[in-house]
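The block underneath contains the structure these notes are about, expressed in structure tokens.
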Amino acid sequence: MSVLLEILKSATPAERQEAAKMLKPYLTVEEKPQKPLRFLSTKEFKARLPRQKNEAWIRDVLLEREPILKQWVYGLHGGKGVKVRFDPAAVDWVLEHRHEIDWRG
């Protein structure tokens, strides 16, 4: 790193600008996506669905047919006594794809 600094010290302003453009992707810090402030219970998730379905249908049918939803579900296979929690992004996804989801069953 110190060799690079020595080279940049002796460079012209135009060369420094070009070096800055090349190094920018390596020096920027990406912001991590923030977790939602509050997860939804199964009842709250169910209430926000465009069609009324019971909790067993959500767990057994919707999450099996749409595996992408599993990335927003926590505690799905946690066992007895573990509550299932949904990220609010799951509701957004369902509302966005409500015409593609087979609601029968």
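Data overview
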quantity: Cβ-Cβ under 9 Å pairs, at least 6 apart or on other chains, the range 44-59 side among the acidic types (Asp, Glu), far side part of a helix (DSSP H, G or I) and at pLDDT below 90; calculated: none
quantity: Pair list, Cβ < 6 Å and 6+ apart or interchain, from the range 80-105 residues that are without any contact (Cβ under 8 Å) to a residue 60 or more places away in the chain to residues that are assigned to a helix (DSSP H, G or I) and open to solvent by 60 Å² or more (accessible area, probe 1.4 Å); calculated: Val91/Arg48
quantity: Of all residues in the range 17-47 being among the aliphatic types (A, V, I, L, M) and open to solvent by 100 Å² or more (accessible area, probe 1.4 Å), the one that is modelled with the lowest pLDDT; calculated: Leu37
quantity: Failed item in (1) open to solvent by 40 Å² or more (accessible area, probe 1.4 Å); (2) among the β-branched types (Val, Ile, Thr); (3) at pLDDT 90 or above, with Ile7 passing the rest; calculated: (3)
quantity: Candidate set from the range 49-69 (those that are basic (Lys, Arg) and under 17 Å from Glu100 (Cα atoms)); member that is surrounded by the most Cβ atoms within 10 Å (Cβ to Cβ); calculated: Lys53
quantity: Residue in the range 23-35 that is closer than 30 Å to Val82 by Cβ and touching a Phe, Trp or Tyr at 6+ places or on another chain (Cβ under 9 Å) present; calculated: no
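The values are calculated or read from the model by the stated rules, or taken from the named source; none is laboratory data. Treat the numbers as computed from the prediction; the structure is a model and nothing was measured. Cβ: placed from backbone, ideal geometry, glycine included. Neighbour counts: every protein chain shown. These area figures cover heavy atoms from the full protein model, side chains too; ligands, DNA and RNA do not enter into them. Shrake-Rupley method; radii C 1.70, N 1.55, O 1.52, S 1.80 Å.
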